2 protein chains.
Amino acid sequence: MARLTPLSRERCLDLLASVPVGRVVFTMRALPAIRPVNHLVDGDTIVIRSNLGTGLASSATADGAVVVAYEADVIDLERRTGWTVVVTGAARLVLDEERLNRYEGQLQPWVDDTMNCVIGIDCDLVTGYELGRAG
Amino acid sequence: MARLTPLSRERCLDLLASVPVGRVVFTMRALPAIRPVNHLVDGDTIVIRSNLGTGLASSATADGAVVVAYEADVIDLERRTGWTVVVTGAARLVLDEERLNRYEGQLQPWVDDTMNCVIGIDCDLVTGYELGRAG
């Protein structure tokens, strides 16, 4: 049986930045939806490129944001060790030209898609756990 | 640049059954939530053990079900190949004693938790993609 140890916010963001891929969780037509994407961490913002644009636009609040969750994990199936980090926060289309150019240069989408918007996710709520063997 | 190829329902469920771990996506206090768990596939039902019980109970409809998404993926970071499968469907506590005993024997939770309910997720909507190199 394994043990879950909570991780600090700093450690969570470091771990998130150490992997290229995570999963964005959002609501689409009132149903829970999840999609794997690649990401980068820029300070307190997770940046992804995806075609959530339609979803974002259709369910956005007045300031153009929707709340999403973003998850990444590394789990060693043999040893039953690893970690999982979940960030919950407001997601917005990045419209600022300077940031847009920078992110588009740093973050290549894996999949060819005509709708690859650049989206920033605020790290409002950050939780993470290390999974390790109990003594 | 990679290419996404849609997979059949059968192939999706086979792939899901081929890995022990996925991520359950649900709504908790009106926020998107996600948690890695281990699973088994029993026909058209995904079975997990988790402490979503409180969440299930608090947001359940008349028949005790909530709609969740369940995702699993295998992604080769070097080659940029792999697959992702997402199942969306009604999740219900398994209360039938025979099924409960069988699942509890087959599915050991990784993490020691006093609230490990057994939950069945109907495979109502199954989508999956293979990620491969474009030619």
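The values are calculated or read from the model by the stated rules, or taken from the named source; none is laboratory data. Not measured: the values here are computed from a predicted model. Neighbour counts run over all protein chains shown; Cβ positions are idealised from the backbone, glycine included.
With a cut-off of at least 3 residues that are at pLDDT below 95 and of a type in the set (A, V, I, L, M, F, W, C), name the strands (runs of 3 or more DSSP E) lying wholly within region B:24-112.
Because the criterion is at least 3 residues that are at pLDDT below 95 and of a type in the set (A, V, I, L, M, F, W, C), the strands (runs of 3 or more DSSP E) in region B:24-112 that meet it are B:31-42, B:66-76, B:81-93.
Answer with yes or no whether B:D73 is among the charged types (D, E, K, R) and facing chain A (nearest Cβ under 9 Å).
The answer is yes for B:D73.
Mind counting the residues in region A:113-122 that are within 14 Å of another protein chain (Cβ to nearest Cβ) and either modelled with pLDDT of 90 or more or within 28 Å of B:R29 (Cα to Cα) (or both)?
Residues that pass the stated criteria total 2.
Could you grab me the full set of residues in region A:1-23 that are part of a strand (DSSP E or B) and over 27 Å from B:C123 (Cα atoms)?
Those that are part of a strand (DSSP E or B) and over 27 Å from B:C123 (Cα atoms): A:A2, A:R3, A:L4, A:T5, A:P6.
Hey, could you check region A:1-54 for residues that are of a type in the set (S, T, Y), more than 12 Å from chain B (Cβ to nearest Cβ) and surrounded by 15 or more Cβ atoms within 10 Å (Cβ to Cβ) and say which is farthest from B:M28 (Cα to Cα)?
Checked region A:1-54; the qualifying residue farthest from B:M28 (Cα to Cα) is A:S50.
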